[in-house]
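Peer 1: First the structure, which I've put down as structure tokens, then a few questions once you've had a look.
The values are calculated or read from the model by the stated rules, or taken from the named source; none is laboratory data. Everything quoted here is computed from the prediction, not taken from an experiment. Positions of Cβ are generated from backbone atoms using ideal geometry, with glycine treated the same way; all protein chains shown enter the neighbour counts. With ligands, DNA and RNA removed, areas are computed over all heavy atoms of the protein, side chains included. Shrake-Rupley method; radii C 1.70, N 1.55, O 1.52, S 1.80 Å.
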Amino acid sequence: MKHHHHQHHDHNNPAKDLKHHKHLEHLAEAGAAMAGAYALHEKHQIKKDPQHAHRHKIAEEVAATIGVGAAGFALHEHHMVKEAKHRLKEEKHHHHHHQ
């Protein structure tokens, strides 16, 4: 799967990379939380609105699936944050020894 990054994203700048991936991680976490909350809301609607139970069940399952996908993306971005932190630390260490 190809990654589409914002045009101004700079892989040669670990500080910018870190900020970028932290931002995406937080957005993905928020998306996962919102989708999870919506799934629970739809689950509750099944009891409240039994004549449309099937529709609410489908909406619950779709929201839950989106939540799982968003959580997976948040985990991926968390690993990218760790990688960027490692590169930033290496860069600082490298500059420190070559002054």
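Peer 1: Write out, first by first residue and then by second, each pair whose Cβ atoms fall under 7 Å of each other, whose residues are 6+ apart or on separate chains, and whose first residue, in the range 55-72, is closer than 18 Å to A30 by Cα while the second is assigned to a helix (DSSP H, G or I) and open to solvent by 40 Å² or more (accessible area, probe 1.4 Å).
Peer 2: As it stands, the answer is E60/K43; A63/Y38, since those pairs meet every condition given.
Peer 1: Of (1) surrounded by 14 or more Cβ atoms within 10 Å (Cβ to Cβ); (2) over 11 Å from the mean Cα position of the chain (by Cα), K92 satisfies all except one. Which?
Peer 2: (1)
Peer 1: Something else: For E60, indicate whether it is more than 14 Å from the chain's Cα centre (by Cα), open to solvent by less than 80 Å² (accessible area, probe 1.4 Å), over 27 Å from M34 (Cα atoms) and among the charged types (D, E, K, R).
Peer 2: So E60 fails the test.
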